[in-house]
Amino acid sequence: MAFICRFAPSPTGPLHIGGVRTALFNWLLAKKNKGKFYLRIEDTDKERSKDEFKKQILDSLAWIGLNHDDKEYIQSLNIKKHKEIAEELLKKGFAYKCFCSEEEIKEQKEKCKKQGIPYLYNRKWRDQENLEVPKNINPVIRFKSKISGNSVVKDLVQGEISVANSIIEDFVILRKDGSPTYQLSAVVDDHLMKITHVIRGDDHKINTFKQKQIYEAMKWNIPEFAHIPLIHSEKGSKLSKRDNSSTINDYIKIGILSDALRNYLLRLGWAHKDKEIFTLEESIKLFDLKGVGKSPSKLDMSRILSLNEHYIKHVDEKDLYKFLKIFAEKFKKPISSSRETLIIKSINFLKNKAKTLEDIYQNAQYILNENIKISVEDSKLLDSNSKKIIQDFHAEFKKMEILNKENLEKTINNLISKYKTNFKGVGQPLRIALVGSRFGPGIYNIILSLPKEEVVKRLSKIN
RNA sequence: GGUCCCAUCGUCUAACGGUUAGGACAGAUGGUUUUCAAUCAUCUAAUCGGGGUUCGAUUCCCCGUGGGACCGCCA
């Protein structure tokens, strides 16, 4: 059976990761079933649609690796067709012109609110050719929704959802300016694109009952529907564009890897036994709609971080460096070519203490910056005794012809016995002198990661 | 408020109607260590409440309670 799905965001705001997850689920299913995954930009709201948001959507999907088939569809390019369908529905008696003024509608809404009853358009112009048509009012076109009975949708995630038709109002399909609304455009485009599976956030659940009626009126094939639960913020409310951990960029800028975020999103609302880590291939193979839960899930930063840590440790080190380089260029200072080889050489231990690219970047500060700053607190640890140790080491180090761990070990062990101290007694002062902090990588790693003359230079500054 | 949906550790979740209710993240404790980290071991922690159905309910049904979504000439 063919499997053609789409992700259809509107460029009226930045895409958040809830949307990314919806796209991911669609993409996964398309790949799994050797079908198609299309991207459709729903920009029929001319006022609010912005090119920058469209770009942000494209960039976000590209970053996380969700490539779409064909070029992206731009819904506004298809408006003519949407209007034709509206006319056809009108002609066939499935829709009608409504001449209510906006004030009139507003009044009705307020009246309902006062009485505490839910507002539903009163169908004033339905089947009313006899009413006097007011001048100066451009009508909207409304769909003649079913008035009685129940409608049932078999949802691939939610199961059977049933609703009384009486609560589905005669919704607008063409605005007074003649432009189509979402309810119409989405259906027409889905039909034209031969979409077989509509997988979207469950905030669209009710729309299904409206849209299904358009399909039926047009005698079009109705696609399968799957409504996946929404993602909530850590506070438990609906994910808002104002949350500071909601867009892809919020994660890129703290140094999250795309694989980690992809894996995290995959496991949010979906599980396969006890498995936590999924390669792309595994997720394509294993993902299915049956495993998707029905309840919303909360964002959990510590989990994202822990997944990211896993990927940082397991990704190919060449790739990891590439990610780091891009990260530095985009959000920090670019890594200079002279420092590049030093970082590459040391990334295998710089990454071990990191949950994010930001962490790696911070760990690499002592390599990136020739001039290190010693914090006040750490400089306090450099008493006269430690300084003597540093100077002793300095003298020995200069003489060292072959730089390797073995020789360093010998030198340090000599110092340990000479000064009747332990490893820490020697290692800590050296680390402070070389890195500027008592925290940092192992001391051998540090010494070996820097050019010899630079180690000498840093040591010579301690006196 | 109306309609619809949902409900297992703090979080993400697993469990043909039969399990000491499992795993992961977070948290706690201890070991190791060259500081921080990492790592290893151990531990804490859940079936929202009440009724049914059943020999037996996390699982099925009903009622509460709690949470969410929708209620636009937005998408």
Looking only at region A:209-237, which residues are in contact with an Asp or Glu (Cβ under 8 Å, 6 or more places away or on another chain), at pLDDT 95 or above and farther than 20 Å from A:LEU156 by Cα?
A:MET218
I'm told A:PHE439 meets every condition in (1) more than 8 Å from RNA strand B (Cβ to nearest atom); (2) assigned to a loop (DSSP other than H, G, I, E, B); (3) exposed (fewer than 13 other Cβ atoms within 10 Å of the Cβ) except one. Can you identify the failing condition by its number?
(1)
Where residues in region A:1-54 are touching a helix residue (DSSP H, G or I) at 6+ places or on another chain (Cβ under 8 Å), of a type in the set (A, V, I, L, M, F, W, C) and at pLDDT below 95, which of them is nearest to RNA strand B (Cβ to nearest atom)?
A:LEU15
Could you list, ordered by first residue, the pairs with Cβ atoms under 9 Å in which the first is in region A:152-177 and under 27 Å from A:LYS80 (Cβ atoms) and the second is of a type in the set (A, V, I, L, M, F, W, C) and in a loop (DSSP other than H, G, I, E, B), at least 6 apart or interchain?
A:GLU169/A:LEU120; A:ASP170/A:LEU120; A:ASP170/A:TRP125; A:LYS176/A:ILE137
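For region A:108-128, which positions are part of a helix (DSSP H, G or I) and acidic (Asp, Glu)?
In the first step, residues of region A:108-128 are kept if they are part of a helix (DSSP H, G or I); the result is A:108-115.
Correct list: A:GLU110 only.
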Can you name the number of the only condition in (1) within 13 Å of RNA strand B (Cβ to nearest atom); (2) out of contact with any Phe, Trp or Tyr (no Cβ under 6 Å at 6 or more places or on another chain); (3) under 25 Å from A:ILE231 (Cα atoms) that A:SER60 fails?
(1)
Among the candidates A:LYS330, A:LYS322, A:LYS345, A:LYS387, which residue alone is of a type outside the set (Phe, Trp, Tyr), modelled with pLDDT of 95 or more, more than 30 Å from A:ASP274 (Cα to Cα) and touching a helix residue (DSSP H, G or I) at 6+ places or on another chain (Cβ under 8 Å)?
A:LYS330
Hey, can you tell me all the residues within region A:203-229 that are of a type in the set (A, V, I, L, M, F, W, C), within 26 Å of the chain's Cα centre (by Cα) and crowded, with 17+ Cβ neighbours inside 10 Å?
A:PHE225, A:ALA226, A:ILE228
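In region A:442-456, what count of residues is obtained for those that are touching a residue at least 60 places away in the same chain (Cβ under 8 Å), within 16 Å of A:ILE347 (Cβ to Cβ) and either part of a helix (DSSP H, G or I) or among the basic types (Lys, Arg) (or both)?
First, the residues of region A:442-456 that are touching a residue at least 60 places away in the same chain (Cβ under 8 Å): A:442, A:445-446, A:449-451, A:454, A:456.
Filter again for within 16 Å of A:ILE347 (Cβ to Cβ), leaving A:442, A:445-446, A:449-450.
Filter again for either part of a helix (DSSP H, G or I) or among the basic types (Lys, Arg) (or both), leaving A:445-446, A:449.
Number of matching residues: 3.
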Given A:ILE335, A:ILE374, A:ILE326, which one is away from RNA strand B (no atom under 15 Å from the Cβ) and outside any helix (DSSP H, G or I)?
A:ILE335
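List the helices (runs of 4 or more DSSP H) inside region A:1-99, counting only whole elements, that have at least 2 residues being touching a Pro at 6+ places or on another chain (Cβ under 7 Å).
A:51-64, A:79-91
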So which strands (runs of 3 or more DSSP E) are wholly in region A:152-202 and hold at least 2 residues that are more than 26 Å from the chain's Cα centre (by Cα) and within 9 Å of RNA strand B (Cβ to nearest atom)?
A:159-164, A:172-174
Output the residue which, of all residues in region A:391-433 that are assigned to a loop (DSSP other than H, G, I, E, B) and of a type in the set (D, E, K, R), is farthest from RNA strand B (Cβ to nearest atom).
A:GLU401
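The values are calculated or read from the model by the stated rules, or taken from the named source; none is laboratory data. Because the structure is predicted, anything quoted here is derived from the model rather than measured. A quick note on method: Cβ atoms are made from the backbone with ideal geometry, for glycine too, and the neighbour counts reach across all protein chains shown.
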